Amino acid sequence: MIELATGAASSTASPDAFFARWVDHASWSSWSPDTEWVKVGTPVRVGTRGVLKPKGGPKVRFFVSACEPGREYTDTSLLPGARLLFQHLVEPTPSGSALRVRVWVEGPLGRIWAKVMGGGFRQTAQADLDRLVALVERA
C-alpha cells in the first residue's frame, strides 16, 4: 500500500449528511471539481459498480468496497496492475462530525501509478474535503 493523500476536517453537520453526499454520485463534481461525472448502479452498497470520468482523463471503473451509512464510504478504482482506493470516514462529535479522507494505491504496479497520479491527489484531497464540508453546511 502506498498512501497518496490524506485530509481531515470538522463540521457542525451530522455524519448522515456527509454519507448522503458520498452516495449521491451525481453531485460529486460539486465538491470535487476534477470529476467530470460519475455513473453508478443502485442501490449503493458494497459491490455496487460504477464508472467515473475525471476531467482530462479516461473513464475509470470502480466498485464500492465499504459502505456503512453515517460512517464510511470507500470506493476502489481498477487500474492496470493496481487498485486506487478512496476512503471517506465520518464520526459523530458533540458539535457535529469529524471527517477523514485517505487515498492510496496497491498492487504490483502501484509504485508506477503513485508516481503518475500521486501529486494530483496530494493537492486535491484536502481541498475537496473542505469544499464538501462547506457544501453540506450550507444545505
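Every number in this text was worked out from the coordinates using simple rules, so none of it is lab data. From a predicted model like this one, the values you see are computed outputs, not experimental measurements. Please note: Cβ atoms are built from the backbone with ideal geometry, for glycine as well, and neighbour counts cover all protein chains shown.
Below is a table of values for the structure above.
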{"quantity": "log₁₀ of I(q)/I(0) at q = 0.21 Å⁻¹ - the chain, Debye sum with one point per alpha carbon", "calculated": "-1.41"}
{"quantity": "Relative contact order of the chain, pairs being alpha-carbon contacts under 8 Å that are 6 or more residues apart, as %", "calculated": "33 percent"}
{"quantity": "Longest exposed-site-free window of the chain, the sites being trypsin sites (Lys or Arg not before Pro) in a DSSP loop that have at most 16 other C-beta atoms within 10 Å", "calculated": "72-139"}
{"quantity": "3J(HN,Hα) from dihedral phi, segment 54-60, Karplus parametrisation 6.51/-1.76/1.60, rounded to Hz, x for glycine, proline", "calculated": "x, 4, x, x, x, 4, 10"}
{"quantity": "Vicinal HN-Hα couplings computed from phi for segment 32-41 (Karplus, 6.51 cos²θ - 1.76 cosθ + 1.60; Hz; Gly/Pro x)", "calculated": "10, x, 7, 9, 7, 6, 9, 10, 9, x"}
{"quantity": "Span from the segment 80-122 Cα centroid across to the segment 9-74 one, whole angstrom", "calculated": "13 Å"}
{"quantity": "Simple Cβ-charge dipole of segment 1-89, Lys/Arg +1 and Asp/Glu -1, about Cα centre, in debye nearest 20", "calculated": "380 debye"}
